[in-house]
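The values are calculated or read from the model by the stated rules, or taken from the named source; none is laboratory data. Nothing here was measured: the structure is a model prediction, and the numbers come from that model. Cβ coordinates were reconstructed from backbone atoms using ideal geometry, including for glycine residues, and neighbour counts include every protein chain displayed. To get the accessible areas, we keep the full protein, side chains included, count just its heavy atoms, and leave off ligands, DNA and RNA. Shrake-Rupley method; radii C 1.70, N 1.55, O 1.52, S 1.80 Å.
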Amino acid sequence: MSASGYLREAPRRYRLEGAACKGCGAIHFPPRAVCDRCGGRDFEARELSGEGELLAYTIIRHPPKGFEGQAPYAIGIVQLKEGVRVLAQITDCDPAELREGAKVEAVMRRIREDGGFIEYGYKFRPA
Ligand SMILES: [Zn+2]
């Protein structure tokens with residue numbers, strides 16, 4: 001992504017911002033163009049709590065390029081209080097001690113480093 005494109009994306013990357021459908025109130029994260037519940041196309045930004053529950057997870061031992069230094073780490077499906085499901089890395093914990101149903105919260109963290117360009121985004125950690 002170009003630098004200008006990255007800056008345009010910044011609000012969505014630095015806060016957990018979803019989109020609330022004006023037609024039916026469904027919350028989408030990440031935001032989408034068309035509501036999958038009512039077909040509406042009108043949304044308003046909605047900051048999400050970042051609080052949720054770990055529904056399921058898997059431990060990555062052979063990560064893709066750019067993530068080598070982080071293995072082993074856990075990737076999990078988190079159900080936020082708002083009902084939205086998010087796939088994200090689980091951090092600040094020993095992956096072997098995670099359990100399904102654990103309470104987690106979103107944190108901003110370095111996602112990866114690519115040729116001196118450091119990318120930040122959200123991860124979740126045990127709450
Ligand atoms: Zn809708």
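How far is helix 3-14 tilted off the main Cα axis of the chain, in degrees rounded to 10, range 0 to 90?
Result, in degrees: 90.
In the chain, carbon and sulfur make up what percent of the accessible area (probe 1.4 Å)?
Numbers: 3670 of 7780 Å².
Answer for the chain is 47 percent, counting heavy atoms of protein chains only.
Leaving out ligands and nucleic acids, and using a 1.4 Å probe, what accessible area per residue does segment 49-127 come to in Å²?
On the way: 4670 Å² over 79 residues.
Using a 1.4 Å probe on heavy atoms only, each residue of segment 49-127 averages 59 Å².
What ranking of 21, 38, 93 comes out by heavy-atom accessible area, probe 1.4 Å, highest first?
Sorted descending by solvent-accessible area, the residues read 38, 93, 21.
How far apart, in nm, are the 7 Å Cα→Cβ label points at residue 109 and residue 56?
2.1 nm
Over 19 Å between Cα atoms, which of 81/103; 22/103; 103/123 qualify? Write out the running numbers ahead of the final one.
On the way: 81/103 10 Å; 22/103 29 Å; 103/123 13 Å.
With Cα atoms farther than 19 Å apart: 22/103.
Using DSSP to call loops (not H, G, I, E or B), can you name the GluC sites (Glu not before Pro) in segment 55-113 whose Cβ has at most 15 other Cβ atoms within 10 angstrom?
Working: sites: 68, 82, 97, 100, 105, 113; in loops: 82, 100.
Those satisfying the criteria are 100.
What residues qualify as long-range amide H neighbours of residue 56, i.e. H under 5 Å apart, gap of 5 or more or another chain, H built at 1.01 Å from N?
Correct list: 77.
Would you kindly enumerate the cysteines in the chain that have no other Cys beta-carbon under 4.7 Å from their beta-carbon?
So far as the 4.7 Å Cβ criterion goes, 93 stand without a partner in the chain.
Count the DSSP beta bridges whose two residues both fall in the chain, then state the antiparallel fraction as a percent rounded to the nearest 5.
Working: 34 of 35 bridges.
If we restrict to bridges inside the chain, about 95 percent are antiparallel.
Dividing the Cα convex hull volume of segment 49-127 by residue count, how many Å³ per residue is that? Display every interim value, and only then the final one.
Details: hull volume 6.6 nm³, N = 79.
Cα-based convex hull of segment 49-127, divided per residue, equals 84 Å³.
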